[in-house]
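The values are calculated or read from the model by the stated rules, or taken from the named source; none is laboratory data. Predicted model, so just to flag it, every value in this text is computed and none were measured. Every residue, glycine among them, receives a Cβ derived from its backbone with ideal geometry; neighbour counts consider all protein chains shown. Calculation scope for accessible area: heavy atoms of the full protein, side chains included, ligands and nucleic acids excluded. Shrake-Rupley method; radii C 1.70, N 1.55, O 1.52, S 1.80 Å.
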Amino acid sequence: SAVYPAAMECRRVICGIFLLVLLLLAPFLKEWRRLPMDARARADAPGRFAPLSRGATHYQLLGPSGGPLAICVHGLSTPSFVFEALAAFLIGRGYRVLLYDHYGRGYSDRPKGRQDARFFASHLTELLDHLDLNERFDLYGYSMGGSIAAAYAAQNPSSVKQLILLAPAGMGHKLGNLFGWASRFWGLGDWLVHARYPRLHLAGTEAERAISSSVSFLIERQQKELQYRGFIPAILSSTRGILAQKMAGEHSAIQRHGIRVLAIWGGQDHVIPVALKECLQGWNPQARQFVISDAGHALPYSHTEQVTALLEAELQLIPRVSP
């Protein structure tokens, strides 16, 4: 008679362990079930693909072939389409504009590896070599792209004419509780990011529906990133990599090499606070800095007119191309 209760208790323990294992594996199983970034996923991709050492890189080279070159580097979670309105403005001024997707975002491949400053700078170097673009250019960096652009400019000062930073990372901003945990606790951190980040990404993008955007279908395109395998691991790798790095040495090197720097900040930015402009000022007193007082972190597409007005006023732009 005592055997039956013992067997039932053993069964309950086994079921509990099974449910716990299932709970622990669920976020990773969901990631595994996401769509691969393959030919089918790329059927509607604009532009072309460069077969680089870590995988295919999606890019667009737009504008007149003889125009000066501008390269735009996007941030953590929104691919190169974030620059569409700004690119149209630059093309209208006669520039060629290179847009490309970081690994793990947009239509580019999803290689593994720590996404630190070296990772991103070498990616851009490989792409430029593949395209045989060896002229000097203006380099734009938005959000995390500001860190990448600074890293590249510090390593390749003879290639960069001007550095334009939009709400740039690299000054030591806080990544929030989720990624703070992920940085300190690798196993648990991986589980938390895979379990929680999709909801945070959806909530954050939905909150931007109230913002007037110069980029078409921005929210839908941002949320589509979650459909594909490798996006969340890339986000996690970048937060542990380049977003955990302060770019003090890079900005000091940029100053020493005499590269002109223009930084534009959003006065209502809660992702990368405008107060961090003082940090950049300390590293590079020659940097020209401006604040768009009513802009948040979305300033390239929420305040495109104000951004482009500052570019016209502060940079040596060539005249508008006649229609």
Have a look at Leu276, Leu98, Leu200 and tell me which one the Gaussian network model of the chain (Cα, springs below 10 Å) gives the largest fluctuation. Leu200
Based on DSSP H runs of at least 4 residues, each adding -39500 (n - 2.57), what is the mean residue ellipticity at 222 nm of the chain after dividing by all its residues, to the nearest 500 deg cm²/dmol? -14000 deg cm²/dmol
Contour excess over end-to-end distance, with Cα ends at Arg184 and Asp129 and 0.36 nm allotted per residue: 16.1 nm
Taking every Cα atom in the chain, find the radius of gyration and the maximum pairwise distance Dmax, and write them in Å. 22.0, 94
For Asp269, what residues show an amide H to amide H distance below 5 Å, using hydrogens built from the backbone and excluding near sequence neighbours? Val274
Cα-centre dipole for the chain with unit charges at Cβ (Lys and Arg positive, Asp and Glu negative), debye to 20: 760
So which of Lys246/Lys277; Lys112/Lys277; Lys30/Lys224 end up more than 22 Å apart by C-alpha? Lys112/Lys277
At a probe radius of 1.4 Å, what is the per-residue accessible area of Leu29, in Å² to the nearest 10? 80
Judged on accessible area alone, 1.4 Å probe, highest first, Val271, Val73 line up as Val271, Val73
How far, in nm, would the chain grow between Gln316 and Arg221 when pulled straight, counting 0.36 nm per residue and subtracting the alpha carbon separation? 30.9 nm
Probe radius 1.4 Å, ligands and nucleic acids ignored: give me the carbon and sulfur share of the accessible area of the chain as a rounded percent. 58
With a 1.4 Å probe and every protein chain left in place, tell me how much accessible area His297 has, in Å² to the nearest 10. 40
Karplus (6.51, -1.76, 1.60) ³J(HN,Hα), θ = phi - 60°, over segment 117-133, in Hz, Gly and Pro reported as x: 4, 5, 4, 6, 5, 5, 4, 5, 4, 4, 5, 5, 5, 4, 8, 6, 9
